[in-house]
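Working notes, structure below.
Read-outs: derived from the displayed coordinates by stated rules, not from any lab. Worth saying up front: this structure is predicted, and the values here are computed from it rather than measured. Every residue, glycine as well, gets a Cβ built from its backbone with ideal geometry; the counts of neighbours run over all protein chains shown.
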């Protein structure tokens, strides 16, 4: 019998220069190292494949959209810039202004008449305020055609509640109220 090349103990294995104990230690270290590297590699592969799948399905949706509307597939895809608008399902013009307090969603979309009224007032619209088109044309967003409406009102009709609400409303819009 030979001695182990690693620990110099008697080697119980005929064809290996390492004894069973040393061989098992080296194998365990190698497997631990290989597993961690393999996990990182597998995670990287799955992340890349998920991104590829996402891009694939986005491309398929664009192709389907273009085929239905008769748009050539090789036309470049055009993304709207901030401030450019579209007409939504309700008939209002919607623009993108990221970071505005009255935006409707995380993408920064806001209805144009709300944006113009907030610019005119110099502040964002309060909760319960809405913008009304005087002539009824939802696309006519001139400031002369817009007026501010207030929807909020107290639930009850007691005299004290109505007076309290009226005082709060007047103070909110900059009027000074004094008791007589």
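Dimensions of the chain along the principal axes, based on C-alpha atoms and rounded to the nearest Å, stand at 112, 59, 28, largest first. Mind grabbing the base-10 log of I(q)/I(0) for segment 85-151 at q = 0.17, 0.24, 0.28 Å⁻¹? Debye formula, identical points on the C-alpha positions, no solvent, two decimal places. Log10 I(q)/I(0), no solvent term: -0.56, -1.13, -1.41. With R₀ set to 45 Å, the beta-carbon distance separating residue 102 from residue 66 gives a calculated FRET efficiency near 0.85. Rg over Rh for segment 47-130 works out to 1.12, using Cα positions for both radii and the Kirkwood form for Rh. For the residues 60, 127, 33, a GNM of the chain with alpha-carbon springs under 10 Å puts the largest fluctuation on 33. With everything on Cα atoms, drop me the angle between helix 112-121 and the longest principal axis of the chain, reported from 0 to 90° to the nearest 10. So the inclination is approximately 70 degrees.
Run the helix sum for the chain: -39,500 (n - 2.57) per DSSP H stretch of 4+ residues, divided by residue count, reported at 222 nm to the nearest 500 deg cm²/dmol.
On the way: 3 runs with 74 residues, N = 180.
After summing the helix terms and dividing by the residues of the chain, the value is -14500 deg cm²/dmol.
Springs between Cα atoms under 10 Å define the GNM used for the chain, and in it the highest mean-square fluctuation of 130, 90, 118 occurs at 90.
Which of 96, 86, 46 moves the most in a Gaussian network model of the chain with Cα springs under 10 Å? The residue that fluctuates most here is 46.
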